[in-house]
Every structure is written in structure tokens, then in C-alpha cells.
Amino acid sequence: MQIATWNVNSIKTRLELLLRWLDEAKPDLVCLQEIKCVDEAFPRAEIEAAGYNVAVHGQKSYNGVAILSRHPLEDVHVRLGGDEQDEHARFIEAVVSTEAGVVRLGGLYLPNGNPADTPKYGYKLAWMERLRAHAAERLAHEEIFVLAGDFNVIPAAEDAKRPAAWVHDALFLPETRAAWRRLLALGMTDAVRACDDAAGLFTFWDYQAGAWQKNDGIRIDHLLLSPQAADRLVGVRIDKHVRAWERPSDHVPVVAELAL
DNA sequence: ATGTCATATCTAATATGA
């Protein structure tokens, strides 16, 4: 089973690219971020026609997440606990059942947090603590559980072409990386790093300043696996070629293959 | 390099977020 995450930066603008990539990659489960539309505007029919079931948690203009699945989606939940005032559409979770087992998948769009000297950074750190608490609860069930999405976290220096450029950025500040390590400390496995410790594995290249042409990228889109999921990890792939397609997202898909 | 892209709004230039 292939489980993927992709920040598409507007589903309306990226629908043709998404359909092309689904046809090419044939993932079983896909978490999408930054769909930037309300539920009613999501191109559900086109994606269902491609063979996917759809669960959407949208919002006008900003944020918005969705899960696509070749299998029926059950037990869909949206929003993280811990802040009833939080209106951002950043989290969706669903369960799929296959012959080989049950998978619980959480798709997330973690707050960017910049500028880091504003309340936006406090919101990011608070959101990461809410995610940690949620993951701790899910891990207690000792099931196949995957958190996939745009974490807006550069875990380590080798995850950036120019780490020095990011030292004061909310994606790379020590507090951000400490919160990331607290997620790992629960017992979750970074799927990419479980398979490949090479430097220069990037998932995002800014639209500005020729970042793509210079391979000036960062790794911020991740899949975190429960022990039961990590036991089944076969491999990972970053579909970097998608960044060279016409009118691309600034992020590319990341795919984990589980033996399921 | 002040470098891009997508959204919304008093449809044209600007504000916002990333």
C-alpha cells in the first residue's frame, strides 16, 4: 500500500496535475494540504471519477486538507482537540480497512509560524503540542497509524540546502525542532529517514529566486509512522519530477510503501 | 535579488499568507 502526502497549493489550480500524478503514481491513500477552498468547491466528482473516495475539511481561501482513498473511508474526524477557538482547517483523520489490516491516517497542515516574533509562532508551537497529545492517544491503541502532511518543520541541517538561511525561521528554530523530536520520542518513525540518511532530500522549493533551478530546497513534508506501521515500511519515494511540471505546486508528493 | 504564486476584493491594484 502506498500512502502519500502532497501540499498542492490550491486544489482548483492544481487539479489537472493531481489527476496526472494519481494516474501515474496510483497511490492508495493521499493526504492533501492547502486545498484553499470550502468543502462545496472541492472537485470531488473529478477525483471520484479517477477511482478515489474523498474526505474533505476545507476553508475559504486558506489552509484546507483532504484525504483520498482507493478503499472506503470510515470514522472520519476533523480538527485537533485542545482549542475550541481554532477555526483553521488543518487536520483530518480517517480509517481504511484492507484485507491485510486496518490503517488510521491523519492528514495535517501544520502552521507555518512566521514571522517568529509574532503570535503566529506561539500558535504553531501550541498546535504542535496539540498534535503530540493526539498522537500519544492514538499510539496507545498500538495500531497501524500514520501522520502525513506538511509539517512546516525542517528537522535537521541536512534537510536544507542552506541551513544557515533558516536559523531564525519558524520552520527551523530550536523550539520547533524540539517539538518535532517530542513527536518522535512518542515512538513514531520518520519514514524518509528510516530508509535514507542522505543529505539533500527535499520536498519544497520556493517559487522565488530560482530556488528550484538551484535545488535550494528543504524537507518539510513528512510521514510519521507508529511502531506497527514502521514494522511494515518497505520504502519511500519523493516524486521530485512533479516540481518540473507546468504550473507546479511549490511542494512535491512524498510516498511511503507499507507491506499491506 | 526588491526575485513568486494564489487568494480575495468595490475587476484593478492591493493586501495577505506562504
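Shape analysis of segment A:36-127 based on the Cα gyration tensor places the equivalent ellipsoid semi-axes at 28, 16, 10 Å, largest first. In segment A:41-186, one over the average inverse separation of all distinct C-alpha pairs is 16.6 Å, which is the Kirkwood hydrodynamic radius. Protection proxy ranking for A:60-66, A:250-256, A:146-152, A:115-121, using the average of other Cβ atoms within 10 Å per residue and placing the highest first: A:146-152, A:250-256, A:60-66, A:115-121. Convex hull volume per residue, computed on the Cα atoms of chain A, equals 120 Å³.
Using the Kirkwood radius built from alpha carbon pairs, what does the Stokes-Einstein equation give as D for segment A:103-159 at 10 °C and 1.306 mPa s, in µm² per second? Please report the intermediate quantities before stating the final value.
On the way: Rh = 12.6 Å.
For the chosen part, D equals 126 µm²/s.
Each DSSP beta bridge with both residues in segment A:2-258 is either parallel or antiparallel, and the antiparallel ones are about 75%. Projecting the Cα positions of A:CYS195, A:ALA148, A:ILE67 onto the charge dipole of segment A:2-258 (unit charges on Cβ atoms of Lys, Arg, Asp and Glu, taken about the Cα centre) puts A:CYS195 furthest along the positive direction.
If a spin label sat at a point 7 angstrom from the Cα of A:GLU129 along the line to its beta carbon, the backbone N atoms of segment A:82-99 nearer than 18 Å would be those of A:82-87. Provide, for q = 0.19, 0.25 Å⁻¹, the log10 of I(q)/I(0) from a solvent-free Debye sum over equal Cα point scatterers in segment A:74-125. Summing over Cα pairs of segment A:74-125 leads to -0.72, -0.97. Calculate log10 I(q)/I(0) of segment A:221-260 for q = 0.23, 0.28, 0.29, 0.35 Å⁻¹, where I(q) comes from the Debye formula with a single equal point scatterer on each Cα and nothing for solvent. Log-scaled intensity ratios, in q order: -0.74, -0.91, -0.95, -1.18.
Ranking A:LEU105, A:LEU223, A:PRO248 by how far each Cα lies toward the positive end of the dipole of chain A (charges on Cβ) leaves A:PRO248 at the top. Only residues of segment A:74-110 count here: report those whose backbone N is under 12 Å from the spot 7 Å along Cα→Cβ of A:HIS141, or say none. The answer is A:74-77, A:93-97, A:102-106, whose backbone nitrogens lie closer than 12 Å to the label point.
Average 1/r across all pairs of distinct alpha carbons in segment A:126-243, invert it, and you get the Kirkwood radius: 15.0 Å.
The GluC sites (Glu not before Pro) of segment A:42-131 that meet both conditions, a loop assignment by DSSP and at most 10 other Cβ atoms within 10 Å of the site Cβ, are A:GLU84, A:GLU87, A:GLU99.
For A:HIS168, what charge total do you get from the other residues with a beta carbon under 15 Å from its beta carbon, if Lys and Arg give +1 and Asp and Glu give -1? Before the final figure, lay out the partial values.
Numbers: positive: A:LYS120, A:LYS124, A:ARG162, A:ARG177; negative: A:ASP117, A:ASP169, A:GLU175.
Combined, the nearby Lys, Arg, Asp and Glu give +1.
Spin-label model, A:ALA164/A:ASP117: points 7 Å from Cα along the beta carbon direction are separated by 2.2 nm. By the helix-only formula, in which each DSSP H run with n ≥ 4 contributes -39500 (n - 2.57) and the sum is divided by residues, chain A has a 222 nm mean residue ellipticity of -7000 deg cm²/dmol.
Throughout, read-outs are computed from the coordinates displayed, never taken from laboratory work. The model shown is predicted, which means the values in this text are computed figures rather than measured ones. Please note: Cβ atoms are built from the backbone with ideal geometry, for glycine as well, and neighbour counts cover all protein chains shown.
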